[in-house]
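Asker: Dumping the structure here so I can ask a few things about it.
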Amino acid sequence: MSTIARTPPVETKLPAVGTTIFTVMSALATEKGAVNLGQGFPDFDCDPRLVNAVTEAMQKGLNQYPPMTGIPQLREAVANKIEAMYGRKYDPVSEITITAGATQAIITAILAIVRPGDEVIVLEPCYDSYVPNIDLAGGKVVRVPLVPHTFRPDFAKIAAAITPRTRAILVNSPHNPSATVWTADEMRQLEELLAPTDIFVISDEVYEHMVYDGQQHQSAARFPGLAARSFIVSSFGKTYHVTGWKVGYVAAPAPLSVEFRKVHQFNVFTVNTPVQHGLASYMADPQPYLRLPAFYQHKRDLFRAGLARTRFELLPSEGSYFQCVDISKVSDLSEEEFCKWLTSEIGVAAIPLSVFYGNGFDQRVVRFCYAKKDETLRTALERLAKL
Ligand SMILES: Cc1ncc(COP(=O)(O)O)c(C=O)c1O
């Protein structure tokens with residue numbers, strides 16, 4: 001009897017997911033020798049003290065499985081930081097969990113609370129993993145737009161989207177892609193809106209330490225009514241310029257953390273031991289994250305000063321490391337065609353905002369990332385000066 005090697009057909013769980021624009025634009029940028037201001041990661045290295053701390057941990061033999069929830073020293077460092085920054089004390093034992101980056105934290109929180117048929121509100125434009133995460137949990141995505149061009153939350157629209165089936169809302173401040181930062185008043189409005197409900201909040205705060213012009217990050221941790229229902233997610237990758245290390249954390253009240261950890265346990269189980277030890281000792285000094293606003297504000301200002309000499313209309317960049325511009329005065333192309341043209345013909349890669357919307361909404365706005373060496377930004381600006 002002959003056997004035939006046959007791969008059974010796969011019925012995809014994620015029919016809408018294909019190659020992302022980030023991959024497309026990065027490949028095009030490499031092919032054309034363009035300056036890649038598309039994908040959001042630094043082109044400079046992290047503090048060598050952090051690398052030394054991780055190396056030391058490895059050399060000390062800290063190379064086996066850590067506790068499932070993260071090493072105690074790192075959970076304590078995170079809890080202390082949150083208390084110092086936002087005034088809320090999380091119990092490092094029962095309320096802080098170390099994750100393999102924010103992406104894993106977000107899908108884990110969604111899988112922990114969203115049941116088939118539950119509705120989950122996302123505010124568009126939104127980070128690209130949210131919608132497929134909700135799909136995988138069997139939830140129903142309810143898309144509510146932020147106000148076009150200003151990207152402020154529209155609470156009347158959010159209120160109108162809430163139903164008895166709403167299980168959770170995902171919020172993200174400082175915001176990718178728009179670079180807006182929610183005000184205390186906006187956070188309070190969310191707190192009031194949710195007060196009579198049992199809706200959970202997944203608060204994506206990966207850019208928490210990148211807020212400019214003397215403004216403060218309004219973490220959900222500052223607002224008791226939000227903190228009580230929130231999974232607060234952050235990422236060491238963003239804060240310490242180590243996006244490739246993929247380590248982050250979740251802070252959530254104990255009953256939420258219990259459910260989170262049930263999923264986490266059978267998803268990643270544990271997170272890289274020596275990196276956790278390195279981060280824990282590095283965090284003893286708060287200066288690296290306290291100095292981050294000044295560090296990135298300098299880059300933002302350098303980039304904006306150059307862009308101001310072009311015909312782009314600059315949108316505010318209140319936080320994160322993104323700068324959005326309106327392209328209307330520069331081109332009639334769609335956002336996506338414009339980004340391809342900009343990469344090929346001008347030699348600078350950007351990302352169209354339309355990819356952050358389910359329906360591809362095109363408002364003539366594209367996103368640059370300024371987490372780059374000053375010389376990289378200057379090279380990009382020299383090329384963009386033609387516009
Ligand atoms: C808004 C937002 N959330 C989450 C992430 C993912 O963070 P991590 O690399 O820690 O998984 C990113 C990274 O770009 C992001 O911009």
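The values are calculated or read from the model by the stated rules, or taken from the named source; none is laboratory data. All of these numbers come straight from a predicted model, not from anything done at the bench. As a convention, Cβ positions derive from the backbone with ideal geometry for all residues, glycine included, and neighbour counts pool all protein chains shown. Only protein heavy atoms, including side chains, enter the accessible area calculation; ligands, DNA and RNA are left aside. Shrake-Rupley method; radii C 1.70, N 1.55, O 1.52, S 1.80 Å.
Asker: Where only protein heavy atoms count, and the probe is 1.4 Å, what is the accessible area per residue for the chain in Å²?
Answerer: Result: 43 Å² per residue.
Asker: Bins of 5 Å, beginning at zero and ending with the bin holding the largest distance: percent of Cα pairs per bin for region 224-329, please.
Answerer: Taking every Cα pair in region 224-329, the percentages come to 2, 9, 14, 15, 15, 15, 11, 8, 6, 4, 1.
Asker: For Asp374, tell me the accessible area in Å² from a 1.4 Å probe, rounded to the nearest 10.
Answerer: 40 Å²
Asker: What value, in deg cm²/dmol to 500, does the helix sum -39500 (n - 2.57) over DSSP H runs of n ≥ 4 give at 222 nm once divided by the residues of the chain?
Answerer: -11000 deg cm²/dmol
Asker: Continuing with the same structure: Taking amide hydrogens as modeled 1.01 Å from N in the peptide plane, which residues meet the under 5 Å criterion relative to Asn172, leaving out close sequence neighbours?
Answerer: Those lying under 5 Å, H to H, from Asn172 are Asp204.
Asker: Spelling out what I want: for every residue of region 50-67, take phi, set θ = phi - 60°, compute 6.51 cos²θ - 1.76 cosθ + 1.60 (Karplus), and round to whole Hz; glycine and proline get x.
Answerer: 6, 4, 4, 5, 5, 4, 4, 4, 5, 5, 6, x, 8, 10, 10, 3, x, x
Asker: For region 244-278 and region 105-162, what is the separation of their Cα centres, given in Å?
Answerer: 22 Å
Asker: Let me ask another. Mind pulling the per residue volume of the convex hull built on the Cα atoms of the chain? Å³ is fine.
Answerer: Per-residue hull volume (Cα only) is 173 Å³.
Asker: Check the straight Cα-Cα distances from Lys386 and name the lysines below 18 Å, setting aside those fewer than 8 residues away within the same chain.
Answerer: Qualifying lysines at Cα under 18 Å: Lys32, Lys329, Lys340.
Asker: Further question on the same structure: So for region 193-280, considering every pair of alpha-carbon atoms, how many percent are separated by more than 19 Å?
Answerer: Of all Cα-Cα pairs in region 193-280, 50 percent lie more than 19 Å apart.
Asker: Please compute the contact order of the chain in relative form: average sequence separation of alpha-carbon pairs under 8 Å and at least six residues apart, divided by the residue count, as a percent.
Answerer: Relative CO of the chain lands at 25 percent.
Asker: With a cap of 16 neighbouring Cβ atoms within 10 Å, and only residues DSSP puts in a loop, list the chymotrypsin sites (Phe, Trp or Tyr not before Pro) found in region 210-276.
Answerer: Phe266, Phe269
Asker: Then there is this: Report for the chain the percent antiparallel among DSSP-assigned beta bridges with both residues inside it, nearest 5.
Answerer: Antiparallel: roughly 45 percent of the beta bridges in the chain.
Asker: In whole Å and largest first, what semi-axes does the C-alpha gyration tensor of region 238-284 yield when each eigenvalue is scaled by 5 and square-rooted?
Answerer: So the three semi-axes of region 238-284 are 22, 13, 10 Å.
Asker: Could you work out what % of the accessible surface of region 1-140 is carbon and sulfur, using a 1.4 angstrom probe and leaving DNA, RNA and ligands out of the count?
Answerer: On region 1-140, the fraction of accessible area on carbon and sulfur atoms equals 56 percent.
Asker: Could you grab the Rg to Rh ratio for region 269-361? Cα atoms only, Kirkwood for Rh.
Answerer: Using only Cα positions, Rg/Rh for region 269-361 is 1.13.
Asker: Using the Karplus curve 6.51 cos²θ - 1.76 cosθ + 1.60 with θ = phi - 60°, work out ³J(HN,Hα) for each residue of region 38-46 in order, rounded to whole Hz, and write x for Gly and Pro.
Answerer: x, 5, x, 8, x, 9, 10, 8, 7
Asker: If you don't mind, there's one more thing I want to ask. Roll a 1.4 angstrom probe over the protein heavy atoms and tell me the percent of accessible area of region 264-319 that is carbon or sulfur.
Answerer: Taking all protein chains in place, region 264-319 shows 55 percent carbon and sulfur surface.
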